[in-house]
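Peer 1: A single structure is presented below for examination.
The values are calculated or read from the model by the stated rules, or taken from the named source; none is laboratory data. In this text the structure is predicted, and so the values were computed from the model without any measurement. Positions of Cβ are backbone-derived with ideal geometry, glycine not excepted, and every protein chain shown enters the neighbour counts. Calculation scope for accessible area: heavy atoms of the full protein, side chains included, ligands and nucleic acids excluded. Shrake-Rupley method; radii C 1.70, N 1.55, O 1.52, S 1.80 Å.
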Amino acid sequence: MELPSPVLQPLDLWLAWASALCCHPIAIAFQIQGCVIYLCLAAGWIYNSMIRSQELRRIHEGEAAGNALAFLYPNVEDLEHSVQEKLPSVSVVMPLKGVGEHNLSNWRSQVLSMYGGQLEFLFVVESMDDPAYQFVSLLINELEGQIDAKVLVAGHSTTCSQKIHNQLAGVDAMHKDSKYVFFLDDDVQLCPGTIGALVAHMEKYPEIFVLTGYPFDIPSGSLGSYCIYEYHMPCSIGFATGGCGRTFFLWGGCMMMHAQDFRTDRYGMVTGLREGGYSDDMTLAAVAGANGRMISSPERAVFFHPLAANLSFSRYWNYLRKQTIVLETYNTTFNFWMNRGLFSVHCWLSWSFVFPYVTTLVHLVVALRAFVSTSFDSFPSCSLILASCVVGSTLVELCSLRHLSKVVINLCNVLSPATPHVSIQSYNFFMVFIATVVDNFLYPVSAIYSHVFQHIDWAGVQYWLQNGKICQIQRGERRWKVIESPKTGWSTQEVDCTLIGKASFWTLITDTFLPHQNGSKKAN
């Protein structure tokens with residue numbers, strides 16, 4: 001009989017204990033729950049791919065019927081001049097901050113739209129010192145006479161996030177005859193027919209409050225880029241509405257709305273954005289939910305989102321923090337409970353996603369130890385069954401994700417025939433699997449961190465939240481407190497800055513939990 005060495009005895013004892021723990025009925029229930037989550041994701045991605053495939057098939061059928069421009073309009077009669085000249089006018093508002101690796105090509109794809117109606121582009125920057133100001137000005141000069149575009153300088157935000165401040169500045173400057181306002185981020189590649197498709201959808205279904213789309217990430221190869229890709233893909237299921245389907249998901253990077261709703265401050269949404277607003281999409285989604293209004297997403301509203309080649313893990317972490325901090329914002333009691341529910345459900349599902357992989361690793365290590373040493377007999381019979389279930393459901397999940405990715409890539413390639421085509425072969429699905437584990441493990445960590453500290457650094461500007469709204473803003477060494485007054489409304493007051501430069505973990509702790517005697521300096 002083979003006796004275990006003294007060195008291996010403690011390890012064998014630990015493995016026997018871990019194996020027994022992973023085969024406890026409660027642990028088994030959590031592993032089964034994880035497998036159900038994987039299969040539900042797979043089912044959602046298969047459904048999403050069916051919705052996108054239907055649109056791809058319609059385009060191919062139109063081309064086969066002789067409509068060479070089916071990627072713009074499914075119905076060839078819509079291309080007639082008499083139809084195009086009656087199209088409603090649209091103002092495209094694009095808040096900018098800095099210049100990234102793909103911004104120039106993205107801006108070019110956005111302004112060179114093949115929309116036949118009146119179209120104006122409003123690029124909005126914080127100041128003329130922003131590098132984006134110079135580059136956009138050069139682009140507008142290059143395309144002079146081809147597009148109606150201008151650059152607006154919005155100035156510093158004082159009572160809301162800089163993005164919302166820029167968006168509202170664009171709304172104030174849009175043409176008085178614009179029927180629709182289209183908010184667009186600068187990090188997506190717009191298809192030539194996107195604006196036309198969105199307008200056609202809004203005209204067909206005027207009851208829609210917000211029409212939205214979704215980005216499809218093109219990872220650069222780094223783990224951080226794959227984590228962002230993995231973060232977006234589960235959410236994409238909610239955007240596969242088809243026709244006039246309703247969703248409560250809303251992406252701030254693509255939102256078309258009725259311009260009159262902003263002119264009249266319908267439902268107080270402009271006030272809610274301007275007075276302490278941090279997240280444009282979460283605020284508008286809450287307004288839609290509270291007033292029973294519809295959010296929808298047409299099949300064509302999906303865009304390539306190329307990620308930077310130098311996207312480090314720290315940049316991914318900051319991106320994740322920006323996603324989780326929005327759950328701390330709210331305008332109404334309905335909005336508060338909705339975000340608390342999303343916080344709880346997402347955290348539960350994320351760690352429930354990761355847990356089966358931890359137990360599967362234990363099962364496999366125990367099996368290997370039992371195979372190597374005949375003296376190790378603490379090997380429950382259910383171990384390999386549970387591990388096989390996790391591995392099998394994971395493979396089904398990854399295969400469905402790959403299929404959806406392939407369908408969306410083909411759709412985006414068809415919708416943008418003049419741009420270089422993307423291939424599914426550039427995606428590393430082993431990295432995708434690693435990213436699913438990393439991202440789902442870190443999401444609750446980021447969400448809890450955001451809940452405790454109520455702070456975020458967004459593009460060099462630091463924001464603090466209180467009661468669901470921005471309460472302090474810091475730029476460089478200057479810091480302002482947002483003040484709400486029943487008589488004078490919302491304003492800011494500069495205070496002594498005890499947090500100089502970039503926030504660290506320790507300064508956040510002291511800033512969150514220790515009282516400060518911030519003397520007021522001057523009101524703005």
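Peer 1: Per-residue counts of other Cβ atoms within 10 Å, averaged by peptide: what ranking do you get for 23-32, 105-114, 407-416, highest first? Could you put the intermediate results ahead of the total?
Peer 2: On the way: 23-32: 14.6, 105-114: 18.9, 407-416: 20.8.
Ranking, from highest mean packing down: 407-416, 105-114, 23-32.
Peer 1: Would you compute the Debye intensity of the chain from its alpha-carbon atoms alone, equal scatterers and no solvent, and pass along log10 I(q)/I(0) at q = 0.06, 0.11 Å⁻¹ to two decimals?
Peer 2: -0.34, -1.02
Peer 1: Based only on Cα atoms, what Rg/Rh ratio does segment 77-130 have, Rh being taken as Kirkwood's radius?
Peer 2: Ratio of gyration radius to Kirkwood radius for segment 77-130: 1.11.
Peer 1: Right, another one. Go through Lys86/Lys204; Lys176/Lys204; Lys150/Lys322; Lys150/Lys176 and tell me which ones have a Cα-Cα distance over 20 Å in this structure.
Peer 2: Lys176/Lys204; Lys150/Lys322
Peer 1: Relative contact order for the chain: what percent, with Cα pairs under 8 Å and sequence separation of 6 or more?
Peer 2: It comes to 19 percent, rounded to a whole number.
Peer 1: Which helices, counted as full DSSP H runs in the chain, have an axial Cα extent of no less than 27 Å and a Kyte-Doolittle average of 0.5 or above?
Peer 2: Helix filter hits for the chain: 333-372, 382-415, 429-453.
Peer 1: Using only Cα positions of segment 268-415, each an equal point scatterer, no hydration layer, compute I(q)/I(0) via Debye at q = 0.11 Å⁻¹ and quote the log10 values to two decimals.
Peer 2: Listed by q, the Debye log ratios stand at -0.76.
Peer 1: Classify segment 228-308 as rounded, prolate or oblate, taking a ≥ b ≥ c as the square roots of the eigenvalues of its Cα gyration tensor: rounded when a/c is under 1.5, otherwise prolate if a/b is larger than b/c and oblate if not.
Peer 2: Numbers: a/c = 2.05, a/b = 1.49, b/c = 1.37.
Note, shape of segment 228-308 comes out prolate.
Peer 1: With a 1.4 Å probe and all protein chains left in place, how much accessible area per residue does the chain have, in Å²?
Peer 2: It amounts to 45 Å² per residue over the chain.
Peer 1: While we're looking at this one, here's another question. If exposed GluC sites (Glu not before Pro) are those in a DSSP loop with at most 15 other Cβ within 10 Å, what is the longest stretch of the chain that has none? List each step's numbers first, then the result.
Peer 2: Values: sites that count: Glu2, Glu80, Glu85, Glu101, Glu207, Glu477.
The longest uninterrupted stretch comes out as 208-476.
Peer 1: Could you rank the peptides 455-465, 425-435 by their average count of other C-beta atoms within 10 Å per residue, with the highest value first?
Peer 2: 455-465, 425-435
Peer 1: Can you classify segment 315-374 as rounded, prolate or oblate using the Cα gyration tensor, where a ≥ b ≥ c are the square roots of its eigenvalues, rounded means a/c under 1.5, and otherwise it's prolate if a/b beats b/c and oblate if not?
Peer 2: oblate
Peer 1: With the Cα gyration tensor of segment 167-305 giving a ≥ b ≥ c as the square roots of its eigenvalues, does the rule (a/c under 1.5 for rounded; else a/b larger than b/c for prolate; else oblate) give rounded, prolate or oblate? Write out the running numbers ahead of the final one.
Peer 2: Numbers: a/c = 1.60, a/b = 1.45, b/c = 1.11.
Since a/c reaches 1.5 and a/b is larger than b/c, the shape of segment 167-305 is classed as prolate.
Peer 1: Given the DSSP H assignment, sum -39500 (n - 2.57) over each helix run of at least 4 residues in the chain and divide by its residue total; what's the result at 222 nm in deg cm²/dmol, nearest 500? Before the final figure, lay out the partial values.
Peer 2: Details: 16 runs with 259 residues, N = 524.
Result for the chain: -16500 deg cm²/dmol, rounded to the nearest 500.
Peer 1: I want the antiparallel fraction of DSSP beta bridges within the chain, as a percent rounded to 5.
Peer 2: Taking every DSSP beta bridge with both residues in the chain, the antiparallel ones total about 60 percent.
Peer 1: Keeping the other protein chains in place, figure out the carbon and sulfur percent of the accessible area of the chain, with a 1.4 Å probe.
Peer 2: Ligands and nucleic acids excluded, carbon and sulfur reach 63 percent.
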